[in-house]
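Notes for the one structure printed next.
The values are calculated or read from the model by the stated rules, or taken from the named source; none is laboratory data. It should be emphasised that the depicted structure is a prediction, and the values quoted were computed from it without experimental measurement. With ideal geometry, Cβ positions are generated from the backbone for all residues, glycine too; neighbour counts draw on all protein chains shown.
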Amino acid sequence: MKAYRIVYLGSDSDFLSSLESSLQQVGWPILREPGDADGTRRALTFNPDLVLWDCDNDQPGEGFPLEMLRGAGFTTQPVMSVVRRDDPRSTINSLAGGAADYIAKPLSEMPVPRLLAALNSGRRQLRIDWFGRVVDESNNQVKGMLANLSDPAYVVKPDYQILWMNRAAEEIFGEGQRGGTCHHVFYERTEPCEACAKSEGMARWRAALKNGKTYRFVSVLARNGKGEIERVVAGTDITPDEEVQKIHKTFVANVSHDLRTPLAAIDQYVSILNDGLAGELTDEQKAYIDIIQRSSFRLHNLVENLIDANKILSGEFKLRMEVVKIEDVLGLVLESLKAQAADRGLEIQTQVAEALPPVYVDRARIAQVIANIAGNSIKFTEQGMIQIRAGFMPRDDGKVMVSVEDTGIGIPREDLGKIFELFYRVENDQVYVEEGAGLGLSISREIIRTHGGTLWAESMEGAGSAFHFTLPVHSGERQDAAGAQGL
Ligand code: ADP
């Protein structure tokens, strides 16, 4: 067995002599020094493997002096306390203060096994410290890489407190944000963002930041050298290039407008055929014409939606505002919705609260929103019913709230935040059998936003969905809604 070198910092001669006689049996050298600065300095030159600190050295009110001993040069050695057998307080204090173990005096048993155990735990601690340093070093290398990114990156604690930000993030959000919470500082939210709060390991999300750019974020959980969990987040700028965006807009605008002309011709000739102007039609021919008409109607919808989406993207979205009652707007689309629902064996129920204040809106656009969200409810509901309600919310100077609820397929939780993005459709066979291009909800949300309202969704997969939107009530004088001038 290796001969470990032991230092006893204390002045209890009885204890020392019984310790010496025990250590002689295993051939371990021991040095005694008093627990003062000179004694500690001399003890260091002995190059001990283990330090025994006699708690009788302690000044009243001072705790176990582990920091002092580390500072004095015993940087890696385990330190054990030597305590009086009848003094449990010193025992507890020394262990709480970082002692590797304690030895009670007067000695009543062979101390070597206990000293060996402390030496082993010391080595274990050294290994742990070493691993901690390796983890810290690799984390620092990762941070070094992130620090030089031109896109934002940051590190937060599990309670979302910001620990570190790179320069790109500081340029967007300003310096000195350490200690704030990421959802508040970055996204101006009072609650943590869903993607981060709900994810167990890696999370991904997109966000538009203060600088007007859109980023795709990826975050991972990592541990620092102390074993504490941190979330490391890095963003990638996915803002479409302006030139590409311009080409895309012009392309979509040209194609959509060019599609309108042949579509109008199809409609015109279908009417001629339907009216019998080209001769009497057989039942089979009528059925074919019906298919042409439905397909042309779908194409019409798609083209109109593309034109709308393009206007939204290019900020050319104009509203024709007037003071109207929400039930009148509902009336514009209800008959057609009821017919669509009946085709699928569904019922639409409506409930409009009495004496609702009027709203100041573009009636055709709000009707379009209702038609879109209720149309989706019809598409994605196999059985049950669709309820459309309009009520009053007294909050924030008063709002009219319209809700469309269904008992349909519902929307998976992870898709709920994305369905309002342009062209987003839930990847699901029940969705893909239905026609659609993933444009309706993004257009609807933009329409409601330009009216000063909010459109949001709640859903439970397999149970149904509820879409709600609010509109500020008409306050008397004409409002200068942002929407009156476009986006
Ligand atoms: P579209 O209906 O043309 O696909 P939308 O933008 O209107 O596009 O809707 C986007 C997606 O949101 C749909 O494809 C569907 O996956 C989902 N969705 C919308 N409304 C509902 C609903 N009531 N029930 C289930 N899923 C819905």
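Key figures
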| item | result |
| --- | --- |
| Every residue from region 77-112 that is part of a helix (DSSP H, G or I) and within 21 Å of residue 47 (Cα to Cα) | 112 |
| Residues of region 328-385 that turn out to be part of a helix (DSSP H, G or I) and either on the phi > 0 side of the Ramachandran plot or not hydrophobic (A, V, I, L, M, F, W, C) (or both), as a count | 15 |
| Complete set of residues in region 357-395 that are of a type in the set (D, E, K, R), touching a residue at least 40 places away in the same chain (Cβ under 8 Å) and away from the ligand (no atom under 11 Å from the Cβ) | 362, 363, 365 |
| The lone exception for residue 308 - which of (1) surrounded by 13 or more Cβ atoms within 10 Å (Cβ to Cβ); (2) more than 16 Å from the ligand (Cβ to nearest atom) it fails | (2) |
| Region 162-196: number of residues that are among the polar types (S, T, N, Q) and under 13 Å from residue 152 (Cα atoms) | 1 |
| Condition met for residue 332 (closer than 26 Å to residue 400 by Cα and more than 36 Å from the chain's Cα centre (by Cα)) | yes |
| Of the criteria (1) free of Cβ contacts under 8 Å to residues at least 24 places away in the same chain; (2) surrounded by fewer than 17 Cβ atoms within 10 Å (Cβ to Cβ), which one residue 299 fails | (1) |
| Criterion (at positive phi and either assigned by TED's automatic domain parsing to the domain that holds residue 31 or buried (at least 21 other Cβ atoms within 10 Å of the Cβ) (or both)) met by exactly one of 61, 122 | 61 |
| Index of the failed condition, residue 337 passing every other in (1) surrounded by fewer than 16 Cβ atoms within 10 Å (Cβ to Cβ); (2) in the same structural domain as residue 355 (by TED's automatic domain parsing); (3) not β-branched (Val, Ile, Thr) | (1) |
| Hits in region 440-454 - residues which are more than 19 Å from residue 304 (Cβ to Cβ) and in contact with a Ser or Thr (Cβ under 8 Å, 6 or more places away or on another chain) | 453, 454 |
